[in-house]
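The values are calculated or read from the model by the stated rules, or taken from the named source; none is laboratory data. The structure presented is a predicted model; accordingly, all values stated were derived computationally and were not measured. A quick note on method: Cβ atoms are made from the backbone with ideal geometry, for glycine too, and the neighbour counts reach across all protein chains shown. The accessibility values were calculated without ligands, DNA or RNA, using every heavy atom of the protein model including side chains. Shrake-Rupley method; radii C 1.70, N 1.55, O 1.52, S 1.80 Å.
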Amino acid sequence: MNFRTAYSVRPLRLVILLLLTSPFAHADLAQATGPRLYVLDCGTLVNNKPEEYNLKRDEVKDTNMGVTCYLVVHPKGVLLFDTGLNDRIVGRPLYENVVDGYAQIKFNTLSGQLADIGVTPAKIDYLVLSHYHWDHVGNAGDFAGSTWLVYKGDRDSMFSKAARAYPWFGQYAPLENSKTIVLSGDHDVFADGTVVVLATPGHTEGHCSLLVRLKNTGPVVLSGDLYHYSEERELKRMPDEEKTTGTVESRQKVEELLRRTRAQLWIGHSMEFFRSVRKSPAWYD
Ligand SMILES: [Zn+2]
């Protein structure tokens, strides 16, 4: 390309760039007439310990785990469900990022994926974390300006004396001063039944799932860590320590809901799901 050609193309590129980065490019976000669900790639856990979930190696098709975050755009507000692995591990070697025997890989930041669809943290009205484990709260502090919907058990654990010593405490610490609504039981976020936080304790004391009723896709339950592998559901297995903490009852509750509403169950850590689900900037409605 000679200089003259390059020069003539540049203004056009500039216009395209301005269009892509202008608020008008994302005007459709505000025009959503019903809930819209975006699935964000929040990383991958390289893991070979299915025994922790009472499964044998040869019973699990893929022992690695996807990490998903979800953005729900509703005409009355925007809700983020889970914040995944910390954005700062993007591009870092695997050996630097091993926690509890789980190695973390991440190719895209959560903040960048949100920016791609015109969403800044200031535009997120509600933050919900399925629970407080490190693979779900990696960027939670970025959303301290949102209203945090949380169950008491999890909030207490997150700000206990022991938790303050966790290496990842700083990743969610700013939530301590967030506008907070402490939930009890299920919570209908927009008071129209389309986005409901489901109390599903067991994996942690305040663990929750999210029911989203979509016009074309139908109802979907985002189950957090109620299940990790789809094989846990098929073979009816769970970690030993969860057998008496509420997971049995929470799974019964969700299975009953799935039968009644014919909702799909989306298991965020399932690699099968992670591989096939449509990811942002595409969406489900
Ligand atoms: Zn998890």
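Every listed requirement among (1) at pLDDT below 65; (2) touching a Leu at 6+ places or on another chain (Cβ under 9 Å); (3) among the aromatic types (F, W, Y) is met by Y38 save one, (1).
The set of residues in segment 176-191 that are more than 10 Å from L149 (Cβ to Cβ) and hydrophobic (A, V, I, L, M, F, W, C) comprises F190, A191.
Filter segment 185-212 down to residues that are away from the ligand (no atom under 16 Å from the Cβ) and either within 17 Å of the chain's Cα centre (by Cα) or small (G, A, S) (or both), then give me how many there are. Walk me through it before giving the result.
Going through segment 185-212, the residues away from the ligand (no atom under 16 Å from the Cβ) turn out to be 185-199, 211-212.
Imposing the further condition that a residue be either within 17 Å of the chain's Cα centre (by Cα) or small (G, A, S) (or both) reduces the set to 185, 189, 191, 193, 195-199, 211-212.
Of the residues in that region, 11 qualify.
The set of residues in segment 64-82 being open to solvent by 10 Å² or more (accessible area, probe 1.4 Å) and more than 14 Å from the ligand (Cβ to nearest atom) consists of H74, P75, K76, V78.
For L114, the criteria (1) surrounded by fewer than 23 Cβ atoms within 10 Å (Cβ to Cβ); (2) in a helix (DSSP H, G or I); (3) away from the ligand (no atom under 16 Å from the Cβ) hold in every case but one, which is (1). In this structure, is V150 under 30 Å from A282 (Cα atoms), touching a helix residue (DSSP H, G or I) at 6+ places or on another chain (Cβ under 9 Å) and in a loop (DSSP other than H, G, I, E, B)? It is false that V150 is under 30 Å from A282 (Cα atoms), touching a helix residue (DSSP H, G or I) at 6+ places or on another chain (Cβ under 9 Å) and in a loop (DSSP other than H, G, I, E, B).
I need the full set of residues from segment 118-149 which are more than 15 Å from the ligand (Cβ to nearest atom) and open to solvent by less than 10 Å² (accessible area, probe 1.4 Å), in order please.
V119, I124, L127, F143, S146, W148, L149
For beta carbons closer than 8 Å, sequence separation of 6+ or different chains, a first residue in segment 37-65 that is closer than 13 Å to H228 by Cβ and of a type in the set (A, V, I, L, M) and a second that is away from the ligand (no atom under 12 Å from the Cβ) and open to solvent by less than 10 Å² (accessible area, probe 1.4 Å), the qualifying pairs are L55/E232; V60/P50.
Mind listing just one residue for me: the one in segment 256-276 that is exposed (fewer than 14 other Cβ atoms within 10 Å of the Cβ) and more than 9 Å from G66 (Cβ to Cβ) and, of those, nearest to the ligand (Cβ to nearest atom)? Quick ask: steps written out before the conclusion?
Within segment 256-276, the first condition is being exposed (fewer than 14 other Cβ atoms within 10 Å of the Cβ), and the residues that meet it are 256, 259-260, 262, 275-276.
Then keep just the ones that are more than 9 Å from G66 (Cβ to Cβ); that gives 256, 259-260, 262, 276.
On the way: E256: 23, R259: 25, R260: 26, R262: 26, S276: 19 Å.
Across segment 256-276, the extreme among qualifying residues is S276.
Confirm whether F190 is on the phi < 0 side of the Ramachandran plot, surrounded by fewer than 19 Cβ atoms within 10 Å (Cβ to Cβ) and touching a residue at least 24 places away in the same chain (Cβ under 8 Å).
Values: on the phi < 0 side of the Ramachandran plot: yes; surrounded by fewer than 19 Cβ atoms within 10 Å (Cβ to Cβ): yes; touching a residue at least 24 places away in the same chain (Cβ under 8 Å): yes.
Yes: the conditions hold for F190.
Screening N97 on (1) of a type outside the set (K, R); (2) within 16 Å of the ligand (Cβ to nearest atom); (3) touching a strand residue (DSSP E or B) at 6+ places or on another chain (Cβ under 6 Å); (4) in contact (Cβ under 8 Å) with a residue 40 or more places away in the chain shows it passes everything except condition (4). Residues in segment 249-279 that are over 16 Å from V212 (Cβ atoms) and of a type in the set (F, W, Y): F274 alone.
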